[in-house]
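**Student:** First the structure, which I've put down as structure tokens, then a few questions once you've had a look.
The values are calculated or read from the model by the stated rules, or taken from the named source; none is laboratory data. Note that the coordinates shown come from a computational prediction; the quantities given were computed from them, not determined experimentally. Neighbour counts are summed over all protein chains in view; Cβ atoms, including those assigned to glycine, are modelled from backbone coordinates with ideal geometry.
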Amino acid sequence: MDRTLKALSLMLSYPSQELQEAMPEIGAVLARDTRIDHATRAALQTLADELAQGDIYDLQEGYVMLFDRSRTLSLNLFEHVHGESRDRGGAMVSLIETYREGGFEPATTELPDHLPVLLEFLSTRPHDEAQEILSDAAHIMDALGTRLTRRESGYARVFKALSQLAGMQADGEALAEMLAQPDDDPTDLEALDAVWEETEVTFGPDPNAGCPQVRDMLAGMDIPKHLNRSA
């Protein structure tokens, strides 16, 4: 189990009180991983402190404004690769099959290409396999990190860590192509509705089954019982 990838997955998940309580342990996991340079580990600790101590409603609103209301910051990775083309559906099915072959069934209503879901899966895989997949997506990680830095968001630190864990430099041409796209305006709700208005496609488990993903992820981190009320 790669606890660092799992910790980064949790850090990128929608803020909840349960996650806030676990942030000290999540920050401690990241602080111990020397694959990430000292400055980035210190920045991640700062982010963990901010997520632990911030007002939960402010944190949730900020998360939605970044990742749900800005398509160029979407955590659904295939959004950046395939957009709304037919290829996206095929890629999604292939990813689900990869999860199942690895014995991984994400218990969430998020799409399979949602980055926290992918990172949880990679945390269960051998190091070389996880690093290869991270390397393949390095240009997406770097583009998201650059955009978050422009917005002065602490979440940029997570993507810097992921780039270091990938172990190789992103494809410069692919990165430049992504960054050439103008950032969305998350306050333009009319434009947002127009962009996202499409037929709903459901992948994975029953969307009415709730979202125990964070609960299960926390349970696997060996978080002390006083920090993990779901244990």
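**Student:** Suppose we filter LEU75, LEU122, LEU134, LEU95 for residues that are of a type in the set (A, V, I, L, M) and in contact with a His (Cβ under 6 Å, 6 or more places away or on another chain); which single one remains? Before the answer, list the steps.
**Tutor:** Numbers: LEU122 fails: in contact with a His (Cβ under 6 Å, 6 or more places away or on another chain); LEU134 fails: in contact with a His (Cβ under 6 Å, 6 or more places away or on another chain); LEU95 fails: in contact with a His (Cβ under 6 Å, 6 or more places away or on another chain).
Among LEU75, LEU122, LEU134, LEU95, only LEU75 is of a type in the set (A, V, I, L, M) and in contact with a His (Cβ under 6 Å, 6 or more places away or on another chain).
**Student:** Determine, yes or no, whether LEU30 is at pLDDT 95 or above, surrounded by 17 or more Cβ atoms within 10 Å (Cβ to Cβ) and within 21 Å of LEU66 (Cα to Cα). It would help to see each step written out before you state the result.
**Tutor:** Numbers: at pLDDT 95 or above: yes; surrounded by 17 or more Cβ atoms within 10 Å (Cβ to Cβ): yes; within 21 Å of LEU66 (Cα to Cα): no.
When the stated conditions are applied, LEU30 does not pass them.
**Student:** Next question, about the same structure. Restricted to segment 43-93, and to residues that are of a type in the set (Gly, Ala, Ser), farther than 20 Å from GLU18 by Cα and at pLDDT 90 or above, which residue is surrounded by the most Cβ atoms within 10 Å (Cβ to Cβ)?
**Tutor:** Residues of segment 43-93 that are of a type in the set (Gly, Ala, Ser), as a first pass: 43, 48, 52, 54, 62, 70, 74, 83, 85, 89-91.
Adding the requirement that they be farther than 20 Å from GLU18 by Cα leaves 43, 70, 74, 83, 85, 89-91.
Restricting the remaining residues to those that are at pLDDT 90 or above gives 43, 74.
Details: ALA43: 19, SER74: 21.
So the residue we want is SER74.
**Student:** Wholly within segment 36-154, which helices (runs of 4 or more DSSP H) include no fewer than the required count, namely at least 1 residues that are out of contact with any strand residue (DSSP E or B) (no Cβ under 6 Å at 6 or more places or on another chain) and free of Cβ contacts under 8 Å to residues at least 24 places away in the same chain? Quick ask: steps written out before the conclusion?
**Tutor:** On the way: elements: 38-53, 56-63, 78-81, 86-101, 115-122, 127-136, 138-150.
Because the criterion is at least 1 residues that are out of contact with any strand residue (DSSP E or B) (no Cβ under 6 Å at 6 or more places or on another chain) and free of Cβ contacts under 8 Å to residues at least 24 places away in the same chain, the helices (runs of 4 or more DSSP H) in segment 36-154 that meet it are 38-53, 56-63, 86-101, 115-122, 127-136, 138-150.
**Student:** Out of PRO106, PRO112, I need the residue that is under 23 Å from ASP68 (Cβ atoms) and modelled with pLDDT of 90 or more. Which one? Working first, answer last.
**Tutor:** Working: PRO106 fails: modelled with pLDDT of 90 or more.
On inspection, the qualifying residue turns out to be PRO112.
**Student:** Can you name the residue in segment 135-156 that is charged (D, E, K, R) and over 13 Å from LEU75 (Cβ atoms) and, of all such residues, is modelled with the lowest pLDDT? Working first, answer last.
**Tutor:** To start, the set of residues in segment 135-156 that are charged (D, E, K, R) comprises 136, 142, 147, 150-152.
Pick out the ones that are also over 13 Å from LEU75 (Cβ atoms) and you get 136, 142, 150-152.
Numbers: ASP136: 87, ASP142: 90, ARG150: 90, ARG151: 90, GLU152: 94.
Among residues in segment 135-156 that are charged (D, E, K, R) and over 13 Å from LEU75 (Cβ atoms), the one modelled with the lowest pLDDT is ASP136.
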